[in-house]
1. Considering every residue in B:92-98, what mean count of other chain Cβ atoms within 10 Å of its Cβ is obtained?
2. For chain A, with all protein chains present and a 1.4 Å probe, just round the carbon and sulfur fraction of the accessible area to a whole percent.
3. With respect to the cross-link table entries A:Lys164/A:Lys197; A:Lys105/A:Lys358; A:Lys284/B:Lys126, which display a Cα-Cα separation exceeding 23 Å?
4. Mind listing the Cα extents of the protein assembly as shown along all three principal axes, in Å, largest one first?
5. Enter the angle in degrees (range 0 to 90, nearest 10) between the Cα long axis of helix B:186-198 and the first principal axis of the Cα atoms of chain B, meaning the one along which they spread out most.
6. How would you rank B:133-144, B:86-97, highest first, on the average number of other Cβ atoms within 10 Å across their residues?
7. Please name which of A:Val344, A:Ala97, B:Cys62 has its Cα lying farthest along the dipole of the protein assembly as shown towards the positive end, using unit charges on Cβ (Lys, Arg +1; Asp, Glu -1) and the Cα centre as origin.
8. List the residues of region A:280-310 for which accessible area in the full set of protein chains is at least 40 Å² lower than for the chain on its own; 1.4 Å probe, protein heavy atoms only.
Amino acid sequence: MASRPTGSMSKTVEERDHVVIRFAGDSGDGMQLTGDRFTNATAILGNDLATLPDFPAEIRAPAGTVHGVSAFQIQFANNDVTTPGDHADVLVAMNPAALRADLDKVARGGTIIINEDSFTQRNLEKAGYASDPATDGTLDGYQIYPVPMTSITVRAVESLGVGKKEAERSKNMFALGLVSWMYGRPVDVTLRWLEKKFGGKPEIYEANVASFNAGYNFGETTELFAHQIHVAAAPVTEGIYRNVAGSQALAWGLIAASVRSGVPLFYASYPITPASDLLHELSKHKNFGVVTIQAEDEIAAANMALGAAFTGHLGVTGTSGPGIDLKAETIGLAVITELPMILVDVMRAGPSTGMPTKNEQGDLLHAMFGRHGESPIPIVAPSSPADCFSVALEAARVAIRYRTPVILLSDSFLQNSSEPWLLPDVDALPTIDPRFATPNGSDFLPYARDERLARPWAIPGTPGLEHRIGGLEREDRTGDISYEAENHERMTQIRREKVDGIAADIPPLEVDDPTGDAELLVLGWGSTAGTIRAAVQRVRGAGERVATAHLRWLNPMPTNTGEVVTKYRRVLIPELNSGQLTMLIRARFLADAKTFSKVQGLPIWADELEDAIVRMLHG
Amino acid sequence: MAEENGDVSGVATLTKKDFTSDQEPRWCPGCGDYAILAAVQGFMPELGIEPHNTVFISGIGCSGRFTYYMDTYGFHGIHGRAPAIATGVATANPDLHVWVVTGDGDALSIGGNHLIHALRRNVNIKILMFNNQIYGLTKGQYSPTSEEGKVTKSTPFGSVDHPFNPVALALGAEATFVARTVDNDRKHLTDVLRQATEHPGSAFVEIYQNCNVFNDGAFDLIRDKQQGLHNQIRLVDGEPIVFDEGTRCLAFALAHLSHGPTEPTCIGVFHEEDRSTYGEAVRSQLERAVERLGPGDLKTLLHGGDTWTVG
């Protein structure tokens, strides 16, 4: 066991309600890891939090360049945190490029801690600085703390016999130690983690511990930092918590659906940013009987999942934008064969390759209409990283109960971000009855219907239920091929009614309207939930009367959606696209909804939405 | 599992009728597909494979209809994707007998990628590729096995594409069983299919199949009773032309003996080797995971890692 940082708490402590910290450095500097560790310590301390990893598309862009900068932002508070924060109170910049890339993300007057060892002439040039921003006035108005992180780290570990390169590599732990001291984060969480991570490599482990402690002690002993900042724990519901990222929560939700239905999980996927983490996570849990296949392409992945669904598994395929294009034909096949299947689309920015590591909600209309012929499909979207768990369960419930493919629209923000999660009681999770067909002596009708218009799920290996399905139009009840005119119209109608009927099986749209007389409804879907909550809290604080509602099911929408959106005089729909939900709402309910649109690959900031709400109320 | 669970006396009573669905085949009169269907329906009862443990999966094209005529489980998929659907089926339940019925356009053009990957994974599926060297369902365009210079509706001046050699392609894709047979030689067809069925893993069988409407006579040199005698080079394991099914490079050389069915051509089993099947490998990995990590427990999963308690 490594030693803990020494020294006594002799400095003053300042109380704050909330803090936003941004760690930024070169792709190779380990900023995601640093942010992740800081997050864990913060979560365990009981602060509410939200995070935003922000990394470049390049795996290792040339060191020291602006497009190689990788950043991690976290907001934590003593109250409800709904977003990773609009602007950082503190930026930790490991090199000039990080400063250049992220200076505009720092609140005016904010704190900037720079690794001054890296501010060499050469690195300044690589970042595109003609002169040193630390001294040329660029940083006037900010509180600058230059810290020689690299050289202190190297000195701290020199007795441990690690190479210079390894020594320098552990400077991220110095930064973590320093910021951990500044915000009074518990050190044992990080030390325990280091032991687990590097326990097998004693010298690397010792070096990381030494750098972490050096950073912590530096904060405590140097006169540079006058005081520590304390953010009290947030009052939250009692229970056991953990920090969870959306990709984990989604994977675990799928596993939970498998456990609670007794239907084995089968996940086929082709590597694609930002959906690959789902494949990585699921492939770790084979002891749940989870089959994972890295398919030869997106189309194969979808077809494998569909083949597995035919065979009585919960077939799931995950992808992002370009992949959902490729899977479109297979989704159509799943619609006509009426098999339970889940398609996870982790949305990312832009058409074509676009901006793979950036966020957007651009695929809603694609999910809704992106297939030939009339092929309705249920669509569900999580609203926060932890919500991915219950949405995955919900998608599975509907897919299995209604024998239908379901599109789960996540996005890169939800997948990569994390938040504290009140762990559910697993025994209280809903069960899902797959109701596999069994022979009943009479002729088997593969396209007969139950009360929900779902057809039987008869899986190969069951004697007496041999039947053929496929992409050709089926005859009602018998499932034989049929080109009969009225049959096609009837089958088209049944497929639509079946999906529409799901509305009766989902909760009504909940409206938050504290005064009951709001003039404006802010309606959202997906990952904008946190921003909407933050912005609305602020305008309500200023005395405005604003209602909110958030759609989890985009198709079908809850039965009261039309009533809700036509009840308010004004409806504002913030979306990370050009107005796709707005189009659906206007078309379906003739509601005068307006879009607040942002397509920059970035989240909507609470302050810009706050402005938009105020403008709409008084503009 | 099928064999284990099967009642031996019950199996013996299976007949062709048990594999024949109530759907009337709708291929053109005289199509080679009828002969292949009859052969498959005829020999399956002999093998003791039960219809409910059998799945036929097809793509798009005339061959795609095959699925509807077998009274087994069946999935008529989309163009080219049958090997991918079949991979899902055979991996989800390795105890099933899974067949893919495909054509030269379906398997080698739009579905080429899935074919080669199913073969290299050694998914336990039997792939019957009906090669008629033409697109029949779309009424006569050249296919990836049509000879150079082929005059069709889409190539009035003759095609300039060089064709695939399907057997060589399958061998190059690391297939563990590769064979070629012809639609009108019931005995040879049945013998090859029987060997394919008994092979654990992917079996690729190219069947020269006459399209009497859009490409009649393409295989006359090989299919015709008289000419065929001279032009078929029958591969029989251990027989002259001294032949060993286990040698991939010899098989590859034999695959290239002819450039197409216009000169003496090998038929029979080119290559067979033992390799673990994909479905079994996946299943044993799941079993090993349980041995190593214990059976999955949801609470353990969610509570793993750092947690904290409030209240």
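1. Mean shielding by partner chains, rounded to a whole number: 5.
2. 50
3. Over 23 Å apart, Cα to Cα: A:Lys284/B:Lys126.
4. If we take the Cα atoms of the protein assembly as shown, the spans are 102, 69, 59 Å.
5. 20
6. B:86-97, B:133-144
7. Positive-most Cα among the choices belongs to A:Ala97.
8. Buried by the other chains: A:Lys286, A:Asn287, A:Phe288, A:Val291, A:Ile293, A:Glu296, A:Ile299, A:Asn303, A:Met304, A:Phe310.
The values are calculated or read from the model by the stated rules, or taken from the named source; none is laboratory data. Values in this document were obtained by computation on a predicted structure and should not be read as measured data. A quick note on method: Cβ atoms are made from the backbone with ideal geometry, for glycine too, and the neighbour counts reach across all protein chains shown. These accessible areas exclude ligands, DNA and RNA; they are computed on the full protein's heavy atoms, side chains included. Shrake-Rupley method; radii C 1.70, N 1.55, O 1.52, S 1.80 Å.
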